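One structure is given below, encoded as structure tokens.
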Amino acid sequence: MNDAEFDLPPRAARSAAVTASGGLVAALRQAAEARGCDIGLPPWAVDAVGIETTRGYLSVDTVTEKRLFRLRTHIPDFGWDIGCTDDLGTLVEAIAAWREGVPFDELTARFDFLEIGEFTRALEAGEPTATQWADLLASEYYRGQRSLLRRLHADDVLRNTFPTMTHRAVRLQVDPMYWASRQVVVYEPEEGRYEVRSVRLPSPHWTEVPGDGLIACVRAALYDDQ
């Protein structure tokens with residue numbers, strides 16, 4: 001591939017770059033090389049996922065019907081979109097700048113396709129937990145789980161775990177930046193009745209827990225030796 005292909009109109013460039021390069025990963029590598037960018041794709045990578053940065057992981061996929069490249073950021077077991085563009089060259093420059101630690105305000109000024117919200121900005125400090133709790137507690141979509149969320153958040157230990165929602169159950173993770181850290185899922189099938197399941201045990205199972213024992217049970221599952 002020569003540099004001229006990256007000067008085509010954006011949609012034509014996208015199609016030509018990906019097709020001629022033999023796939024998205026190859027196209028990203030060649031676009032990055034053409035611009036002197038380091039996007040962190042290891043030589044053995046076959047998918048544009050898990051690009052490691054100090055502010056979570058990045059991944060790229062395609063939105064076929066709109067002919068766009070979609071950029072996402074992740075922490076283990078949780079990811080979200082941060083922008084789409086039809087310009088492959090701009091995309092690799094944004095990835096390289098993200099990996100270099102360019103401040104988010106500067107990133108959004110340079111790359112107008114990026115949409116960096118409050119939660120993403122929390123990654124810059126390496127601690128997105130408080131923001132995630134606030135978002136879930138304020139969410140109308142999870143109004144049915146608000147009582148459970150509040151109960152868990154009220155505990156001074158559990159509020160330091162990272163919460164996500166899994167099929168209307170609350171998943172708590174000790175360290176959101178480490179994929180293998182201990183996790184627990186808490187479900188409230190009916191008011192005042194709880195079920196707890198540890199994640200990634202050899203034989204995960206649900207344990208029914210009375211309301212007055214919920215916090216102690218969840219703490220033990222997350223922090224006690226097993």
Percent of Cα-Cα distances greater than 18 Å, calculated over the stretch 80-213: 62 percent
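Please compute the per residue accessible area over the stretch 104-226 with all protein chains in place, 1.4 Å probe, rounded to a whole number of Å². Don't skip to the end; give the middle numbers.
On the way: 6810 Å² over 123 residues.
That works out to 55 Å² for each residue.
What ranking do 40-47, 209-216 get when scored by the average of other Cβ atoms within 10 Å per residue, highest first? Present the calculation step by step, with values, prior to reporting the outcome.
Values: 40-47: 11.5, 209-216: 13.6.
Peptide ranking by packing, descending: 209-216, 40-47.
Out of all Cα-Cα pairs in the stretch 81-142, roughly what percent, to the nearest whole number, are more than 14 Å apart?
Numbers: 1174 of 1891 pairs.
Of all Cα-Cα pairs in the stretch 81-142, 62 percent lie more than 14 Å apart.
Given a 1.4 Å probe and heavy atoms of the protein chains only, how would you sort H167, H205, largest accessible area at the top?
On the way: H167 170, H205 110 Å².
I get H167, H205, largest accessible area first.
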Expressed as a percent, the accessible surface of the stretch 63-160 that is carbon or sulfur, using a 1.4 Å probe and the full set of protein chains, is 43 percent
Are there chymotrypsin sites (Phe, Trp or Tyr not before Pro) in the stretch 103-193 that DSSP puts in a loop and that have at most 13 other Cβ atoms within 10 Å, and which ones? Y141, Y178
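The values are calculated or read from the model by the stated rules, or taken from the named source; none is laboratory data. These numbers come from a predicted model, not from an experiment. Positions of Cβ are generated from backbone atoms using ideal geometry, with glycine treated the same way; all protein chains shown enter the neighbour counts. Ligands, DNA and RNA are excluded from the accessible area calculation, which covers all protein heavy atoms including side chains. Shrake-Rupley method; radii C 1.70, N 1.55, O 1.52, S 1.80 Å.
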